[in-house]
Amino acid sequence: MKNIITYILIALLSVFSWSCSKSEDGPKTVEGGGYAKFSKTEITVSDKGGQSSATIVWDNVEWEINTAVEESFITNVSPSSGGEIGKSGLTTVSFTVSENNSTSKRSQKIYVVNKETGEQDEVVIVQETLPFTTLNPNTKHQKVVGFGGMYNPVIWTGSNLINSDEMTTMYDPDGKLQYSILRLMVYPDKSTWNADVAGALQAQNYGAVIFACPWDCTDELAEYIDKDGKSIKHLPASNYDAYADHLIEYVNYMKSKGVNIYAISIQNEPDMDFTYWTPEEAATFTANYGAKIRAAGVKLMSPEACGFLPEYTDAVLNSNEAFSNTDILVGHLYQGFTDLANSYVKARHDYICNLYPSYLAPAGKTWWMTEKLFNEGEKEEDLDKHLFRKWSYNLEQLGLEIHMCMEGYCSAYVYWYLKRFYGMIGDNDSRSTVTEGEVMKNGYILGHYSAYATGMTRIGIEVSDEDVLATAYVNETGDVITVVALNMGEQSYETFIETPGEISAHSAIETTEDYNMKDVGTSLSDDLKHLDIIISPRSIYSLRIEL
């Protein structure tokens, strides 16, 4: 019974291999003799190499294996011979394939040879190459101004301020992080304006862009109105001109101290209770007083709503005068941006991502994300529930949001407090994961983008693995290309970066749960146009290429 089953299997495999064979002559047998042949005509193996196998169907024959070429990528064939006169069988032949480090597929034939007649049958071993990641500098998107955060305001944070050494850690262009934007608060009390001058000057001397936002329209100019049963501060239209003068006075004061304010917002979160504005009021002020403020030598930012609310943004876009006076469309992402499975968040995401191609790019304008923080679990007593302390949370929140903002044509990403237990560097709070002044995981994530994308233009990039999220950038002269990638998967990703020209220099850094901005190796191909890179699982990776 066992012999019958064996012969049936041999017959079935013979039919299968006949149908798969590239030859029209069928199996190579001799009249009255036996045969030996492979069950497949082609086997595809991974670029990684390793163990593989092929099945030989044989009958009434002794056979041996021949790899046929001297420089073979196939070794350790076992068994190298077999069969037996008067019997039939199936034999699995194992072999080792070396790793394919070239940029092309390769192939090699293995032969099974009839020892008596010399007749042979072949199988082609085809080895894949690494997946390709292709850069396209001709597909240009938004210019990236930079990345940074909020300078801890003296009127709110008391002694938890940023010192000179900490500014150096974050903003020194020769350092690791290389932050490039600093956000200041326009204090309602003019006597406190000087508190931020030293820090702003230091950041400016490092090359950073400085912009400012008012929270409070000042007690002198405010009135109080009832909103949802709550008395809140509000700026009456009769004081718009005086408020514009207040902002201009701040700009001129800082200029007198050597700080050049790049841009100023009309109001931080007008939809909240700091100083409340309706969408129409924000647009009216921008339309009627924006030109006056811009004449002070600054760009005007508007409307800066808490959730980048369409009603506030549309009010500016739909007013010719307000839109004309708005140099930078700004807002915050507190109502969600990355969870596209949520229909509300997806609608908000799609709305924001449509702003640049539909409205801003044709008018030569940009949009900035000017405030967000990630502090989930901060009030939990159980440290294990402090999600903001976990690398997975940092990567999936801040890392993913910056990536999606870049893909959504954002030109600047600005975090909330630079120095805080959920910020970029640690403070003296017991919930901080590092000692005061040391860089936190979020700080390194932001640094990957700031050090590798500031001042560049986003370009096209195609990645074959859905777990790897990448954006690419090119400098003005086109001879430096950078890539920032997030590997959200649990496996390393190896790929060839294909460039449009020969590479003269290359380097990369990576941050994972275990290390920060570590130098990692890259390997240049013989044609000088491909880089072999490996991105670790659950990591953020940055690459610099000089052409």
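The values are calculated or read from the model by the stated rules, or taken from the named source; none is laboratory data. Nothing here was measured: the structure is a model prediction, and the numbers come from that model. Don't worry about glycine lacking a Cβ; one is built from the backbone with ideal geometry, like all the others, and counts go over all protein chains shown.
The table for this structure:
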item: Answer residue from region 193-241, given it is in a strand (DSSP E or B) and aliphatic (A, V, I, L, M) and is nearest to Gly455 (Cα to Cα) among those; result: Val209
item: Residue in region 130-158 that is surrounded by the most Cβ atoms within 10 Å (Cβ to Cβ), counting only those that are among the hydroxyl-bearing types (Ser, Thr, Tyr) and in contact with a strand residue (DSSP E or B) (Cβ under 7 Å, 6 or more places away or on another chain); result: Thr133
item: Selection from region 164-186 of residues that are out of contact with any helix residue (DSSP H, G or I) (no Cβ under 6 Å at 6 or more places or on another chain) and closer than 25 Å to Asn268 by Cβ; result: Glu166, Met170, Ile181, Arg183, Met185
item: Flag if Thr482 is among the β-branched types (Val, Ile, Thr) and more than 23 Å from Gly146 (Cα to Cα); result: no
item: Condition check for Ser107: assigned to a strand (DSSP E or B) and either at pLDDT below 95 or not assigned by TED's automatic domain parsing to the domain that holds Thr41 (or both); result: yes
item: Checking Ser507 against (1) crowded, with 17+ Cβ neighbours inside 10 Å; (2) part of a strand (DSSP E or B), the condition it does not meet; result: (1)
item: Counted residues, region 208-219 - those being within 19 Å of Gly297 (Cβ to Cβ) and of a type outside the set (Phe, Trp, Tyr); result: 6
item: Any hit, region 163-176, residues being in contact (Cβ under 8 Å) with a residue 24 or more places away in the chain, over 25 Å from Ala451 (Cα atoms) and assigned to a loop (DSSP other than H, G, I, E, B); result: no
item: Within region 177-192, considering residues that are outside any loop (DSSP other than H, G, I, E, B) and farther than 18 Å from Thr157 by Cβ, the one nearest to the chain's Cα centre (by Cα); result: Ile181
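Residues checked against (1) at pLDDT 95 or above; (2) within 30 Å of Thr169 (Cβ to Cβ):
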| site | (1), (2) |
| --- | --- |
| Met488 | yes, yes |
| Gln491 | yes, no |
| Pro500 | no, no |
| Ala505 | yes, yes |
| Ile509 | yes, yes |
| Asp519 | yes, yes |
| Ser525 | no, no |
| Leu528 | no, no |
| Ile533 | yes, yes |
